[in-house]
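All remarks here apply to the structure that follows.
The numbers here are math on the coordinates, done by the rules we state, and not lab data. Quantities reported herein were computed from a predicted structural model and do not represent experimental measurements. With ideal geometry, Cβ positions are generated from the backbone for all residues, glycine too; neighbour counts draw on all protein chains shown.
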Amino acid sequence: QKEVEQDPGPLSVPEGAIVSLNCTYSNSAFQYFMWYRQYSRKGPELLMYTYSSGNKEDGRFTAQVDKSSKYISLFIRDSQPSDSATYLCAMRRQDSSYKLIFGSGTRLLVRP
Amino acid sequence: SAVISQKPSRDICQRGTSLTIQCQVDSQVTMMFWYRQQPGQSLTLIATANQGSEATYESGFVIDKFPISRPNLTFSTLTVSNMSPEDSSIYLCSVVVAGGNTQYFGPGTRLTVL
């Protein structure tokens with residue numbers, strides 16, 4: 001079993017829809033949770049970063065962490081065609097290594 | 001965050017040859033990492049580049065195949081040695097900025113081995 005599980009998609013939604021992207025994990029030691037967006041042929045871009053449980057909002061993006069369920073989510077409101085990309089969740093323990101464990105990525109397509 | 005550049009951005013190489021990839025950051029960082037992203041896959045950590053000492057390699061990656069240097073706080077190189085078509089991937093460097101808690105990625109180097 002992988003430490004981090006993520007549905008690869010693809011997920012296809014119409015423009016303006018609310019998108020929900022999710023990851024589950026097995027290691028209860030994870031304390032830092034990230035979402036990266038990766039456009040085709042580009043490096044991953046950090047979208048959201050959350051420490052421990054709770055919600056964090058930034059514009060159209062909301063990240064949620066439920067440590068009791070070992071489940072994290074990224075919500076995108078009013079989705080746009082420019083949001084079409086692969087979304088990678090990543091997480092790490094609270095230690096000095098800063099090592100990230102990545103999900104496999106979910107490919108999102110927002111149709112005009 | 002940090003501005004990260006990688007050279008080359010892409011290359012096509014013959015099997016048996018070696019390629020050195022450079023990663024340059026515009027500010028001092030505490031940690032630098034090298035990742036591989038095979039076609040259609042997620043990111044796999046190759047090693048942590050340590051300043052002035054040998055890199056720390058992850059399971060499945062060895063120094064003879066992927067020698068890494070980090071002579072100062074803002075620059076690192078990854079060499080892919082004795083390449084085979086299975087080495088065709090995107091190679092990414094990432095950094096943790098001073099005082100930061102997460103990693104920022106460079107644009108990647110797209111390597112094709114024929």
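Data overview
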{"item": "Single residue of segment B:1-43 satisfying the filter (out of contact with any Gly (no Cβ under 8 Å at 6 or more places or on another chain) and among the hydroxyl-bearing types (Ser, Thr, Tyr)) that is nearest to B:Cys93 (Cα to Cα)", "result": "B:Tyr35"}
{"item": "Complete set of residues in segment A:95-112 that are in contact with a Phe, Trp or Tyr (Cβ under 7 Å, 6 or more places away or on another chain) and more than 10 Å from A:Gln6 (Cα to Cα)", "result": "A:Leu108"}
{"item": "Tabulated pairs, segment B:94-114, first more than 7 Å from chain A (Cβ to nearest Cβ) and buried (at least 20 other Cβ atoms within 10 Å of the Cβ), second assigned to a strand (DSSP E or B) and charged (D, E, K, R), C-beta under 9 angstrom, 6+ apart or interchain", "result": "B:Thr109/B:Lys7; B:Thr109/B:Arg10; B:Thr109/B:Asp11; B:Leu111/B:Arg10; B:Leu111/B:Asp11"}
{"item": "Number of positions in segment B:1-56 that are surrounded by 18 or more Cβ atoms within 10 Å (Cβ to Cβ) and among the β-branched types (Val, Ile, Thr)", "result": "6"}
{"item": "Verdict on A:Tyr71 being out of contact with any Asp or Glu (no Cβ under 7 Å at 6 or more places or on another chain), more than 14 Å from chain B (Cβ to nearest Cβ) and either more than 18 Å from A:Ser12 (Cα to Cα) or not aromatic (Phe, Trp, Tyr) (or both)", "result": "yes"}
{"item": "Total residues in segment B:71-82, condition surrounded by fewer than 21 Cβ atoms within 10 Å (Cβ to Cβ) and touching a residue at least 24 places away in the same chain (Cβ under 8 Å)", "result": "7"}
{"item": "Breaking point among (1) out of contact with any Lys or Arg (no Cβ under 6 Å at 6 or more places or on another chain); (2) away from chain A (no Cβ under 12 Å); (3) assigned to a strand (DSSP E or B), for B:Thr17", "result": "(3)"}
{"item": "Residues located in segment B:76-114, provided they are among the β-branched types (Val, Ile, Thr), under 15 Å from B:Ala47 (Cβ atoms) and in contact with a Phe, Trp or Tyr (Cβ under 8 Å, 6 or more places away or on another chain)", "result": "B:Thr79, B:Val80, B:Val95, B:Val96"}
{"item": "Output for segment B:57-93, where each listed residue is in a loop (DSSP other than H, G, I, E, B) and either closer than 23 Å to B:Pro39 by Cβ or within 14 Å of another protein chain (Cβ to nearest Cβ) (or both)", "result": "B:Glu58, B:Ser59, B:Gly60, B:Phe61, B:Val62, B:Lys65, B:Phe66, B:Ser81, B:Asn82, B:Met83, B:Ser84, B:Ser88"}
